[in-house]
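Student: Please find one structure pasted underneath; my questions will follow.
The values are calculated or read from the model by the stated rules, or taken from the named source; none is laboratory data. On a predicted model such as this, the values are computed, not experimentally measured, just so you know. Glycine also receives a Cβ, built like all others from the backbone with ideal geometry; neighbour counts cover every protein chain displayed.
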Amino acid sequence: MSEKLTITKKKIPDLLRVETWQEEVPQKDENKTEKQGQEDAKATNTLKKIRKRRKAQNQFLTPYQKEAQERFEYLKSRLQKLALETVNEVICEKAKELGEEPFKLTEENYHILPSDLYKAIRGKENPAFSNFEEQSVALNVKYCGGSIRKLVELALHETLHLNGFLRIQVKGDDIKSTRQGMSVRSTIQQDLKDEKHEHFRGFHEALMGETTKRLLEESLSRISTKIKKVSSGQLSDKDREEFMRFIETEQWLDSKEAKEKKKEISEKNNVPIEDIFWVSGKELQITSPDSNWEEFSYGGPRKTLNYVIKEIAEASGETEEEIRNKFLKTHFSGKEKSVTYLMRQTFDPEHLGKDGRKRRYEQKPSAFEVLGAMEVTYDSAQRQLDTLKKMRQKVKNQQK
């Protein structure tokens, strides 16, 4: 991980799922003022830039950030490239399974950055983030540089974000995403009026976190299989050493000693044992600078999400996996009508009219609105969970 490479070209995936608000790019009108015409032209040009992202991936970074990223990002090892390739393979298969068009990234769309540079670009210290404008994922080397397992966990989560439905608003030179996956955000006009808001973020992150959890072991298993195949050929000493370190780590995590350690940590920290995906052992790999164990992110929101899925499955007669897939399909497609109906049918059927839609005169928030108010914190998730449990119990009492 000590080597650095100056990269001058980026391969960009052929597909970018973008829905634009056409009212923000109006047709030419002879009666418009010159100033209005200029604004329309700016919006149109911005939209064209987005549609031509394949030709200029980094154009939304500042010149300084672009130069710094290209100059100082780490050169990926053979195993890291193989891991990122596998992440995309697994996510694409899941999207196709749900009848959606996958959005495949190349390994060159992932940038492993020095911590100080990552913080300068991101504006804060955290493990990773995805950028819809750049169609890329930035990874903080501090958190993933020593662990393929952690790299895969972060890459899965952020790549799932980029595979989500995307709606953007273009106004002049301004561009903003108003919908990413399940998250819904205020418009540019609302922001200017100091009416900025965001809904379903906690739910969105919960869905990404839970999907990551369910895809991680499959991804790591495929990586192990690929390693066995390529190991029969010629490998550099560095590649062979990294492959062996990965295999040893996976063997350690499957050992009786590691499982006992997971149980101890689970009981001590009140964390579900299945949420712990790494524990330190023989100093094989370091995944976190601050801890000797790792858990999947957004535990509180995921707990609320799993409760919702369980109750909907019970009420509808479908399996939990079928309901979970419906939520994930909504993330990919942006079509939430079916899951909205399931939520209201399960938690507040009195909100449904004859056609299944919410009655206009109903003032109380629906279950879907309660879920939309959930933030990413544990406390917020617990409050919404308590509210949903009360709503569900009321429905059960009425059905007796």
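Student: Show me the helices (runs of 4 or more DSSP H) found entirely inside the stretch 57-122 where at least 1 residues are of a type in the set (Val, Ile, Thr). Please lay out each step first, then the result.
Tutor: Details: elements: 63-72, 78-97, 115-122.
In the stretch 57-122, the matching helices (runs of 4 or more DSSP H) lie at 78-97, 115-122.
Yes/no per residue for (1) touching a Ser or Thr at 6+ places or on another chain (Cβ under 9 Å); (2) in contact (Cβ under 8 Å) with a residue 60 or more places away in the chain; (3) of a type in the set (D, E, K, R):
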position	(1), (2), (3)
Val90	yes, yes, no
Glu93	no, no, yes
Gly99	yes, yes, no
Phe103	yes, yes, no
Tyr110	yes, no, no
Asp116	no, no, yes
Gly123	no, no, no
Ala128	no, no, no
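Student: Just to verify a result, which residue in the stretch 216-267, among those that are polar (S, T, N, Q) and outside any helix (DSSP H, G or I), is modelled with the highest pLDDT?
Tutor: The selected residue is Ser255.
Student: Step by step: first the residues of the stretch 152-182, then only those that are free of Cβ contacts under 8 Å to residues at least 40 places away in the same chain and crowded, with 22+ Cβ neighbours inside 10 Å, then the one that is nearest to the chain's Cα centre (by Cα). Which residue is that?
Tutor: Looking at residues that are free of Cβ contacts under 8 Å to residues at least 40 places away in the same chain and crowded, with 22+ Cβ neighbours inside 10 Å, I get Glu158.
Student: A further question on this structure: Would you pick out the residues in the stretch 113-137 that are of a type in the set (A, V, I, L, M, F, W, C) and surrounded by fewer than 22 Cβ atoms within 10 Å (Cβ to Cβ)?
Tutor: Scanning the stretch 113-137 gives Leu117, Ala120, Ile121, Phe129, Phe132.
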